[in-house]
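Remarks on the structure that follows.
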Amino acid sequence: MCSAAGPCPGGCRGWRAGPVLPLPDGVSARRFPIVNVLLIAANLAFFAHVGGFIFGWIVARVLTGAGRIAPQARQPAPAAGS
């Protein structure tokens, strides 16, 4: 069998790709995977925020370009120290 560490003798003809997702092994977890759940929730929250921002921006550009809504004037930034 071939490895990623070095060249394969015979051109890796016997190498086959394994499954992408891990299959269950029948061993139960000792405790609830709270870190994994928190990481997944943080990723979902981040991408929902970014996706919502990008989707809203695209919708505003399309509606502005179609003349459905008027582009809003930019307000000047407040002066420093005020």
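The values are calculated or read from the model by the stated rules, or taken from the named source; none is laboratory data. Only a predicted model underlies this, so the values are computations on that prediction, with no experimental measurement involved. Using ideal geometry, Cβ is built from the backbone for each residue, glycine included, and neighbour counts are taken over all protein chains shown.
Side notes on the structure shown:
- Against the list (1) at pLDDT 75 or above; (2) not in a loop (DSSP other than H, G, I, E, B), the condition T64 fails is (1).
- On the stretch given as the range 15-57, residues that are surrounded by 10 or more Cβ atoms within 10 Å (Cβ to Cβ) and modelled with pLDDT under 75 total 1.
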